[in-house]
Amino acid sequence: MEFTLDNVQEYIKKVMQEKEDQLSKGKLKRVQEFTQKCEDLKCIQAIYEYIQQAELSEQEMANYDSDVQMQLEEFDQAWDDLYKLEQDRVKEAEQTLFDMHLYYKLQIVISQEMEDLQKRIQLNDMPKVKYSSEVLQKQAHYNKLIKAGHFAEADILQKQLEEQMKSEQIKWNKNIREKMENKLNQLTKKQISELQALQQKLQGQIQQFIINRNNQKQLLQSKYQIGRAELEAQYNSDIHKNNQILNKMISKIQQYL
């Protein structure tokens with residue numbers, strides 16, 4: 001029978017039979033040789049079986065990788081669920097901020113200020129007009145004409161004065177309105193700026209959430225990579241060591257063949 005690693009068990013049986021034959025013939029030296037040969041073969045068998053088991057490492061590594069992939073997918077799913085909840089929380093917080101901050105602090109203030117401004121205009125309750133020096137000079141001249149009895153000339157001047165005062169009144173009210181509107185616009189910009197700052201803060205929380213997730217995943221991946229490297233190194237070391245022993249034993253057995 002030709003000796004191979006696959007039929008080592010059968011070869012051991014054959015050597016044992018030859019040993020028994022030699023023992024029955026009283027050839028003790030040959031018995032010793034066959035006994036040693038059996039021991040060597042059994043050693044080879046044990047190592048070969050171990051190597052076969054070690055060679056299954058490829059499947060074991062594949063199983064390890066599969067388990068790791070599954071755990072990473074579970075990690076991603078769990079964090080995706082948390083991320084969705086975090087997004088919903090931020091959106092809800094943003095909407096609440098928008099409703100409370102703009103509506104109650106801005107819209108109501110604006111509507112009240114504008115309503116008050118309209119009423120003051122309608123009731124002619126605006127701040128007292130500061131007429132131009134030209135109007136004041138005409139008023140003084142009008143009073144002089146009345147005192148002097150120049151009523152016709154005073155009447156003409158009065159009409160001119162009324163037109164000019166009316167024009168300046170309109171211009172004055174317009175300026176007051178523009179100042180009020182500018183004030184409200186400034187308030188609007190301030191409120192919007194505050195809202196944007198709060199929104200940025202909320203978005204910053206989302207970004208920090210993403211950073212934390214990535215850091216946790218990197219730690220997990222590093223852990224798996226280290227574990228796989230250690231497992232692979234151990235398998236390779238065992239296979240290399242036992243291959244060396246096996247090759248030496250095979251060379252020794254070949255001497256008996």
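The values are calculated or read from the model by the stated rules, or taken from the named source; none is laboratory data. None of the values given here were measured: they were computed from a predicted structure. Please note: Cβ atoms are built from the backbone with ideal geometry, for glycine as well, and neighbour counts cover all protein chains shown. Areas reflect the complete protein model, heavy atoms only, side chains present, ligands, DNA and RNA absent. Shrake-Rupley method; radii C 1.70, N 1.55, O 1.52, S 1.80 Å.
Some observations on this one:
- When the convex hull of its Cα atoms is projected in every direction, mean area for the range 133-191 (nm²): 4.4 nm²
- Calculated FRET efficiency for the pair LYS25/HIS240, C-beta based, R₀ 30 Å, to 0.05: 0.10
- Exposure of SER237 as accessible area (Å², to 10), given a probe of 1.4 Å and all protein chains: 60 Å²
- Partners for LYS159 among lysines (Cα-Cα distance below 25 Å; same-chain residues under 8 apart left out): LYS128, LYS130, LYS138, LYS144, LYS147, LYS171, LYS174
- Modelled label positions at ILE206 and PHE151, each set 7 Å beyond Cα in the direction of Cβ, lie 8.1 nm from each other.
- Nearest-0.05 FRET efficiency for ASN182 and LYS159, computed from C-beta distance (R0 25 Å): 0.10
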